[in-house]
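All remarks here apply to the structure that follows.
The values are calculated or read from the model by the stated rules, or taken from the named source; none is laboratory data. Owing to the predicted nature of the structure, the values given are computational and were not obtained by experimental measurement. Counting neighbours? That spans all protein chains shown, and the Cβs are built from the backbone with ideal geometry, glycine included.
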Amino acid sequence: MGLDMYAYVAGRKGQANEYWENYDGATDTSPVEKPREIAYWRKHPNLHGWMNKLWTERGGRGDFNGDELELTWDDLERLEYVVKNRQLPSTTGFFFGEASDDYYYTKDLEFIRQAKAELFTGLKVFYNSSW
């Protein structure tokens, strides 16, 4: 168990849940197009803390576990500034692990670059996690 974090692109909010709800494992099919993962982090608690804060700013309540968060261009700009200036908020949790900002620094910036490119093409970018 632990904090697993994902970023993916899709055409609309809720597409990931709809895909998996309609997934037929026997034939590996779903009538809904599968969202494309663009980043995965394992136990990057401070990034999760930043996403949790954004989710809360938008009215989210509860544990922020398994909740889809859409990321806009402005969100990515803010995140880029925070990552580059090493200002991700210190975040702890039972399944979260230790701070890993240095370990994921390059990957975080690559995710932001790729996410912006996906937004430019008209797709939506989402963050989700499970712990």
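Within the range 63-81, does at least one residue satisfy the condition of being in contact with an Asp or Glu (Cβ under 7 Å, 6 or more places away or on another chain) and assigned to a helix (DSSP H, G or I)?
Of the range 63-81, the ones in contact with an Asp or Glu (Cβ under 7 Å, 6 or more places away or on another chain) are none.
Within the range 63-81, not a single residue is in contact with an Asp or Glu (Cβ under 7 Å, 6 or more places away or on another chain) and assigned to a helix (DSSP H, G or I).
With respect to Glu21, determine if the residue is modelled with pLDDT of 95 or more and of a type outside the set (A, V, I, L, M, F, W, C). Please lay out each step first, then the result.
Numbers: modelled with pLDDT of 95 or more: no; of a type outside the set (A, V, I, L, M, F, W, C): yes.
No.
Considering each residue of the range 114-123, count those that are on the phi < 0 side of the Ramachandran plot and either assigned to a loop (DSSP other than H, G, I, E, B) or buried (at least 18 other Cβ atoms within 10 Å of the Cβ) (or both), and give that number.
So the first thing to find is which residues in the range 114-123 are on the phi < 0 side of the Ramachandran plot, and the list is 114-121, 123.
Those left that are additionally either assigned to a loop (DSSP other than H, G, I, E, B) or buried (at least 18 other Cβ atoms within 10 Å of the Cβ) (or both): 115, 118, 121, 123.
Of the residues in the range 114-123, 4 are on the phi < 0 side of the Ramachandran plot and either assigned to a loop (DSSP other than H, G, I, E, B) or buried (at least 18 other Cβ atoms within 10 Å of the Cβ) (or both).
If you scan the range 82-113, which residues turn out to be over 14 Å from Gly49 (Cα atoms) and not in a helix (DSSP H, G or I)?
Asn85
Filter the range 81-112 for residues that are within 14 Å of the chain's Cα centre (by Cα) and of a type in the set (D, E, K, R) and give the result.
Listed by number, the residues that qualify are Lys107, Asp108, Glu110.
For the range 1-43, name all the residues that are of a type in the set (Val, Ile, Thr), more than 12 Å from the chain's Cα centre (by Cα) and not in a loop (DSSP other than H, G, I, E, B). Outline the logic, then answer.
Looking only at the range 1-43, we keep the residues that are of a type in the set (Val, Ile, Thr), and these are 9, 27, 29, 32, 38.
Within this subset, residues satisfying the condition of being more than 12 Å from the chain's Cα centre (by Cα) are 27, 29, 32.
Within the range 1-43, just Thr29 meets the criteria.
How many residues does the range 60-96 contain that are surrounded by 14 or more Cβ atoms within 10 Å (Cβ to Cβ) and of a type outside the set (D, E, K, R)?
13
Within the range 44-56, identify whether any single residue is within 17 Å of Met5 (Cα to Cα), charged (D, E, K, R) and either modelled with pLDDT of 95 or more or surrounded by fewer than 18 Cβ atoms within 10 Å (Cβ to Cβ) (or both), and answer yes or no.
yes
Restricted to the range 102-131, and to residues that are free of Cβ contacts under 8 Å to residues at least 40 places away in the same chain and of a type in the set (A, V, I, L, M, F, W, C), which residue is farthest from Arg86 (Cα to Cα)?
Taking the candidates together, the pick is Phe120.
For Gln15, work out the one condition from (1) under 13 Å from Phe126 (Cβ atoms); (2) touching a helix residue (DSSP H, G or I) at 6+ places or on another chain (Cβ under 6 Å) it doesn't fulfil.
It is condition (2) that Gln15 fails.
Conditions (1) out of contact with any Pro (no Cβ under 8 Å at 6 or more places or on another chain); (2) more than 21 Å from Leu109 (Cα to Cα), marked per residue:
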residue: Leu3; (1), (2): no, no
residue: Gly11; (1), (2): yes, yes
residue: Ala39; (1), (2): yes, no
residue: Trp55; (1), (2): yes, no
